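Report on one structure; see the data block that follows.
The values are calculated or read from the model by the stated rules, or taken from the named source; none is laboratory data. The shown structure was predicted, so the numbers you read here are calculated from the model rather than taken from an experiment. Glycine gets a Cβ as well: all are built from the backbone with ideal geometry, and neighbour counts include every protein chain shown. Note: accessible area is taken over every heavy atom of the protein model, side chains too, but ligands, DNA and RNA are not part of it. Shrake-Rupley method; radii C 1.70, N 1.55, O 1.52, S 1.80 Å.
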Amino acid sequence: EWAFLADDDSFVITSQLTATLSRYDPSKPHYLGYAFLAAPHLEGVIKGKRQPKFANGGAGLALSRAGMAQVLPHLAACEHAYKWNWPGDVRTAQCLLDAGVQLTWVRSFHSESPPTILEKAK
């Protein structure tokens, strides 16, 4: 029903992830994650191309079955169009945006380690 992608140093609490995903219908196109804007140094690498809001790979991103089906016809064109942009999470966002799959910011996806989050909450 869902694909979940994360960086190799991400920490996932699977019960929390399962509970979060259960609030969304996988038969509808969903792209879920912790919303970031690309760093200024990535802006305008190709004139007229803007960096999209994207789900940070460190926090992980979830893509519903319907979202995957919607982006599938765009993959070959996206691979060609966005090969200049090295961050995989940003390229993923660019392709999903081309396919009409919008990012939903899920605040239970965090881009920092659990101890850091707990320390900031004090």
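Look at residue 104 and say whether it is at pLDDT 85 or above and not acidic (Asp, Glu).
When the stated conditions are applied, residue 104 passes them.
Among the helices (runs of 4 or more DSSP H) confined wholly to region 61-122, which include 3 or more residues that are touching a Pro at 6+ places or on another chain (Cβ under 9 Å) and either of a type in the set (D, E, K, R) or open to solvent by less than 70 Å² (accessible area, probe 1.4 Å) (or both)?
It comes to 65-71, 88-98.
Looking only at region 100-122, which residues are within 23 Å of residue 21 (Cα to Cα) and either acidic (Asp, Glu) or touching a Cys at 6+ places or on another chain (Cβ under 8 Å) (or both)?
112
Write out, first by first residue and then by second, each pair whose Cβ atoms fall under 7 Å of each other, whose residues are 6+ apart or on separate chains, and whose first residue, in region 3-28, is β-branched (Val, Ile, Thr) while the second is open to solvent by less than 60 Å² (accessible area, probe 1.4 Å) and in a loop (DSSP other than H, G, I, E, B).
If the second residue must be open to solvent by less than 60 Å² (accessible area, probe 1.4 Å) and in a loop (DSSP other than H, G, I, E, B), the pairs left are 12/6; 12/60; 20/106; 20/108.
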